[in-house]
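The structure appears right after this line, and notes come after that.
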Amino acid sequence: MKIVLVVACALIDADNRVLIAQRPEGKSMAGLWEFPGGKLDPGERPEQALIRELHEELDITVREACLAPLTFASHAYDDFHLLMPLYICRRWEGTITPREGQQVAWVRANKLRDYPMPPADLPLIPHLTDLL
């Protein structure tokens with residue numbers, strides 16, 4: 001089974017809310033909510049990929065020193081296995097502006113389960129609830 005490595009980030013604002021984004025129409029799992037991030041390009045480190053993805057998706061600039069690894073998800077889908085480290089970030093430059101047509105929401109950690117998420121994201125929620 002193919003292993004797919006993606007990276008995700010829990011952006012946390014001053015009120016300890018977490019940013020989640022809704023997958024836009026036309027993408028797999030459209031309509032589900034997820035932590036921003038994406039696939040690594042060849043030769044890219046996870047932190048580099050996350051900095052790139054956050055800029056592409058949300059128009060913000062994140063410094064590597066502001067990314068802290070929290071946990072990871074390992075989930076078997078039907079046709080691939082997903083490995084996804086989750087970083088937290090409390091500092092960035094710029095105003096969050098969705099650039100791919102996605103909806104975003106700032107959510108308290110204990111309310112994340114109110115939003116339908118891909119199966120791989122669900123085990124990450126308790127770690128954020130414990131942290132926040």
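The values are calculated or read from the model by the stated rules, or taken from the named source; none is laboratory data. In this text the structure is predicted, and so the values were computed from the model without any measurement. Here the Cβ is made from the backbone with ideal geometry for all residues, glycine too, and neighbour counts use every protein chain on show. Just the protein is used for accessible areas: all its heavy atoms, side chains included, with ligands, DNA and RNA removed. Shrake-Rupley method; radii C 1.70, N 1.55, O 1.52, S 1.80 Å.
Below are the figures for this structure:
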read-out: Positions within region 99-129 being more than 13 Å from F35 (Cα to Cα) and open to solvent by less than 70 Å² (accessible area, probe 1.4 Å), in sequence order; value: G101, P126, T129
read-out: Selection from region 34-46 of residues that are acidic (D, E) and either without any contact (Cβ under 8 Å) to a residue 24 or more places away in the chain or surrounded by fewer than 18 Cβ atoms within 10 Å (Cβ to Cβ) (or both); value: D41, E44
read-out: Those residues of region 84-115 which are aromatic (F, W, Y) and over 17 Å from H127 (Cβ atoms), in sequence order; value: W92, W106
read-out: Within region 5-23, tally of residues that are touching a residue at least 24 places away in the same chain (Cβ under 8 Å), surrounded by fewer than 16 Cβ atoms within 10 Å (Cβ to Cβ) and out of contact with any Pro (no Cβ under 9 Å at 6 or more places or on another chain); value: 3
read-out: Identity of the residue in region 76-90, within 15 Å of the chain's Cα centre (by Cα) and surrounded by fewer than 17 Cβ atoms within 10 Å (Cβ to Cβ), that ends up nearest to L32 (Cα to Cα); value: L83
read-out: Among the residues listed as A21, A8, A14, the single one being in contact with a Leu (Cβ under 7 Å, 6 or more places away or on another chain) and either part of a helix (DSSP H, G or I) or closer than 25 Å to D130 by Cα (or both); value: A8
read-out: Positions within region 73-114 being more than 23 Å from V62 (Cβ to Cβ) and in a loop (DSSP other than H, G, I, E, B), in sequence order; value: Y77, D78, D79, F80
